[in-house]
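The values are calculated or read from the model by the stated rules, or taken from the named source; none is laboratory data. Note that this is a predicted model, so its numbers are computed, not measured. Backbone-built Cβ (ideal geometry, glycine too); neighbour counts: all protein chains shown.
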Amino acid sequence: MHSPLFVAAASALLLTACATTPPEAPRATAQLQPTKGNKTFGEATFEQVNGKVKVTIFVQGLKPNSEHGLHIHEKGDCSSGDGMSTGGHFNPQGKPHARHTDASRHAGDLPSLKAGKDGRAKVDVELDVITVGSGATDVIGRGLIVHADPDDYKTQPTGNAGARIACGVIKAG
């Protein structure tokens, strides 16, 4: 048997360890499914880390050696079959459409997907204009869209990226 003093000390140590364990970073995911007549699919993760969101997106089923616009859209609704039910680009601050590196841009502006010869592409980026789980720039409940064409980064408000070939809903977790 352990003494009551030992048990109390061990309990205090465990409570201290629990109190100093950092909380888990807010996360969200999206499963990209092909829109009607397309075969593009993939997955995305969004993780809030130190005031930025780390975004990782894997996509397959793209035309080999092609480039495709990629955006977060207003609504997490892929029910229309063509991705149009997601609405326009996510833009809570009313900024112009631009490259994801421009200071003034939509919250939903992401880097383009650049497919290799195998039709696969990956985006791995940290963004400071979106959040996961709180505030006006929260991506949870939004749509994620892969477009058929490259983003020209000029045409307002869409980037002239063409049809929506894959759609996903960004969900907590």
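Below are the figures for this structure:
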{"read-out": "Any hit, region 73-83, residues being hydrophobic (A, V, I, L, M, F, W, C), at pLDDT 95 or above and out of contact with any Ser or Thr (no Cβ under 8 Å at 6 or more places or on another chain)", "value": "no"}
{"read-out": "Members of region 53-81 that are over 12 Å from the mean Cα position of the chain (by Cα) and assigned to a strand (DSSP E or B)", "value": "V59, Q60, E67, H68"}
{"read-out": "Residue identified as charged (D, E, K, R), touching a strand residue (DSSP E or B) at 6+ places or on another chain (Cβ under 7 Å) and crowded, with 18+ Cβ neighbours inside 10 Å among R105, R142", "value": "R142"}
{"read-out": "Condition broken by T131, with the remaining ones in (1) more than 12 Å from the chain's Cα centre (by Cα); (2) in contact (Cβ under 8 Å) with a residue 24 or more places away in the chain satisfied", "value": "(1)"}
{"read-out": "Scan of region 73-124 for residues that are charged (D, E, K, R), over 21 Å from A163 (Cβ atoms) and touching a residue at least 60 places away in the same chain (Cβ under 8 Å), ordered by number", "value": "K122, D124"}
